[in-house]
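Working notes, structure below.
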Amino acid sequence: MDIFSAAVMLFLIMDPLGNLPIFAAILRHIDPKKRRKVLIRELLFALVIMLAFLYAGEAILSFLNLRSESVSIAGGIILFLIAIRMIFPQPGGVAGLAAGEEPFIVPMAIPLMAGPSILAALILLAHTDSSRMGDWTIALVSAWGVSAVILMFYKLFTRMLGEKGLTAVERLMGMVLVMISVQMFLDGVSNYMKTAS
């Protein structure tokens, strides 16, 4: 996987367009003067957490004595489930915050930006080729940067795309993520069959 492919995959998993309505709903109840500051703080928290998982990923796998094939298969399954939820969204509330309450790490940084699926993908990238940590860092920061820009201008994107447009884009991203997840699963199974035979 090259830097661009990794960045696209991470961007799709972060799903900033899918998170737009949720971020907008959370920020709506915060003092307008504090909104940008809160959003930047939460985005930076998410980046620090994701970088920590990227660089500690190999150590975590070694400690748990996991093979890359099992992580690839598990990652593919997780991504598939996330993609299905993007295509067929579940009804439910936004976040368990009282009106006016300022979010701190939860739920904006974790799990909306740095959710289980992105952390699993980062561990997988680190394990796949630990000699390319610079490439993975560039991919992560690029994906985070584009996501951050989209979320910083959440009012503009919501106005431009409208509710139906956001739903359509999220479902399209879900379809792409389904294909990526199936490929990850098949690669894991293929590598396992090669090493087992």
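The values are calculated or read from the model by the stated rules, or taken from the named source; none is laboratory data. Note that the structure is a prediction, hence the values are computed from the model and not measured. Cβ sites come from the backbone with ideal geometry, for glycine too, and all protein chains shown count toward neighbours. Quick note on the areas: whole protein, heavy atoms, side chains included, nothing else; ligands and nucleic acids left out. Shrake-Rupley method; radii C 1.70, N 1.55, O 1.52, S 1.80 Å.
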Exercise. Would you mind stating whether S68 is hydroxyl-bearing (S, T, Y) and in contact with a Ser or Thr (Cβ under 7 Å, 6 or more places away or on another chain)?
Key: yes
Quiz item: Among the listed residues L151, L119, L124, which satisfies the condition of being over 17 Å from N19 (Cβ atoms) and either modelled with pLDDT under 85 or under 19 Å from the mean Cα position of the chain (by Cα) (or both)?
Solution: L124
Quiz item: Got a sec? Which of T137, T158 is modelled with pLDDT under 80 and either within 18 Å of L43 (Cα to Cα) or in a helix (DSSP H, G or I) (or both)?
Solution: T158
Quiz item: Out of curiosity, is L172 more than 14 Å from the chain's Cα centre (by Cα), closer than 27 Å to I22 by Cβ and surrounded by 13 or more Cβ atoms within 10 Å (Cβ to Cβ)?
Solution: yes
Self-check item: Residues being open to solvent by less than 20 Å² (accessible area, probe 1.4 Å), of a type outside the set (A, V, I, L, M, F, W, C) and assigned to a helix (DSSP H, G or I) - total across the range 101-134
Solution: 1
Exercise. Could you tell me whether any residue of the range 32-48 is within 24 Å of W136 (Cα to Cα), modelled with pLDDT of 90 or more and charged (D, E, K, R)?
Key: yes
Exercise. Filter the range 51-65 down to the residues that are under 29 Å from L151 (Cβ atoms) and at pLDDT below 95, then identify the one that is most open to solvent (accessible area, probe 1.4 Å).
Key: Y55
Practice problem: Return yes or no: is F185 touching a residue at least 40 places away in the same chain (Cβ under 8 Å), within 15 Å of I82 (Cβ to Cβ) and more than 17 Å from the chain's Cα centre (by Cα)? | Solution: yes
Exercise. Report, by residue number, each residue of the range 13-23 that is under 13 Å from G145 (Cα atoms) and aliphatic (A, V, I, L, M).
Key: M14
Self-check item: Pairs where the first residue, in the range 73-94, is surrounded by 15 or more Cβ atoms within 10 Å (Cβ to Cβ) and aromatic (F, W, Y) and the second is in a helix (DSSP H, G or I) and modelled with pLDDT of 80 or more, C-beta under 9 Å, 6+ apart
Solution: F80/L177; F80/V178; F80/S181; F80/V182; F80/M184; F80/F185
Quiz prompt | Output for the range 4-29, where each listed residue is modelled with pLDDT under 80, surrounded by fewer than 22 Cβ atoms within 10 Å (Cβ to Cβ) and of a type in the set (V, I, T) | solution = I22
Quiz item: What are the residues in the range 30-50 that are within 15 Å of A114 (Cα to Cα) and open to solvent by 50 Å² or more (accessible area, probe 1.4 Å), if any?
Solution: I40, R41, L44, F45, V48
Exercise. Could you please find all residues in the range 25-65 being β-branched (V, I, T), outside any helix (DSSP H, G or I) and under 30 Å from G75 (Cβ atoms)?
Key: none
